[in-house]
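These notes are about the structure you will find just below.
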Amino acid sequence: QVQLVESGGGLGQPGGSLRLSCAASESIFSLYIMDWYRQAPGRQRELVASIQPVGSTRYADSVKGRFTISRDNAKNTVYLQMNSLKPEDTAVYYCHARYSPIEFWGQGTQVTVSS
């Protein structure tokens, strides 16, 4: 059982930045594809960004050029740097680890973008 603990959420201003972190409990973290999802009130959970074990990344169109996903396998941690925040980025952000067919979810961290 992999435990994922997110941190770094909170209140951000439009145009500002926040950085989310997700720490995994297992040393085999480096084998997992890591994702960040988000879910806004009344909407389905959506994939925001993914990073492969070797570091290749992909992003939702809505965050391309603004968000950056990265990982530090030595620290069993994945990050989401969020720049140029918009009110529509407001959501609960979830960390997700997958090594097919196994997957794990974090508990989520709230991000609110408002002036």
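Between GLY15, GLY10, GLY42, which is free of Cβ contacts under 8 Å to residues at least 60 places away in the same chain and on the phi > 0 side of the Ramachandran plot?
Residue meeting the stated conditions: GLY42.
Applying the selection to region 36-48, what residues are among the aliphatic types (A, V, I, L, M) and either under 16 Å from TRP105 (Cβ atoms) or open to solvent by 70 Å² or more (accessible area, probe 1.4 Å) (or both)?
LEU47, VAL48
If PHE104 satisfies all but one of (1) assigned to a loop (DSSP other than H, G, I, E, B); (2) open to solvent by less than 40 Å² (accessible area, probe 1.4 Å); (3) at pLDDT below 95, what's the number of the condition it fails?
(1)
Take region 61-85 and flag every residue that is open to solvent by 20 Å² or more (accessible area, probe 1.4 Å) and either touching a helix residue (DSSP H, G or I) at 6+ places or on another chain (Cβ under 8 Å) or over 16 Å from GLY15 (Cα atoms) (or both).
ASP61, SER62, SER70, ARG71, ASP72, ASN73, ALA74, LYS75, ASN76, TYR79
I need the full set of residues from region 86-95 which are open to solvent by less than 80 Å² (accessible area, probe 1.4 Å) and not in a loop (DSSP other than H, G, I, E, B), in order please.
PRO87, ASP89, ALA91, VAL92, TYR93, TYR94, CYS95
Take ARG98 and decide whether it is open to solvent by 40 Å² or more (accessible area, probe 1.4 Å), closer than 21 Å to GLN1 by Cα, assigned to a strand (DSSP E or B) and touching a residue at least 40 places away in the same chain (Cβ under 8 Å).
Considered against the rule, which asks whether it is open to solvent by 40 Å² or more (accessible area, probe 1.4 Å), closer than 21 Å to GLN1 by Cα, assigned to a strand (DSSP E or B) and touching a residue at least 40 places away in the same chain (Cβ under 8 Å), ARG98 comes out as yes.
Can you say whether THR112 is without any contact (Cβ under 8 Å) to a residue 24 or more places away in the chain and assigned to a strand (DSSP E or B), as far as the supplied structure shows?
Spelling it out, it is not the case that THR112 is without any contact (Cβ under 8 Å) to a residue 24 or more places away in the chain and assigned to a strand (DSSP E or B).
Quick check on this structure: which one of ILE51, ILE33 is touching a residue at least 40 places away in the same chain (Cβ under 8 Å), touching a strand residue (DSSP E or B) at 6+ places or on another chain (Cβ under 6 Å) and either open to solvent by 40 Å² or more (accessible area, probe 1.4 Å) or closer than 15 Å to CYS95 by Cα (or both)?
Going through ILE51, ILE33 in turn, the sole match is ILE33.
The values are calculated or read from the model by the stated rules, or taken from the named source; none is laboratory data. Quick caveat: nothing in here was measured; it's all calculated off a predicted structure. Glycine also receives a Cβ, built like all others from the backbone with ideal geometry; neighbour counts cover every protein chain displayed. When the accessible area is computed, the model is the full protein with side chains, heavy atoms only, and any ligands, DNA or RNA have been set aside. Shrake-Rupley method; radii C 1.70, N 1.55, O 1.52, S 1.80 Å.
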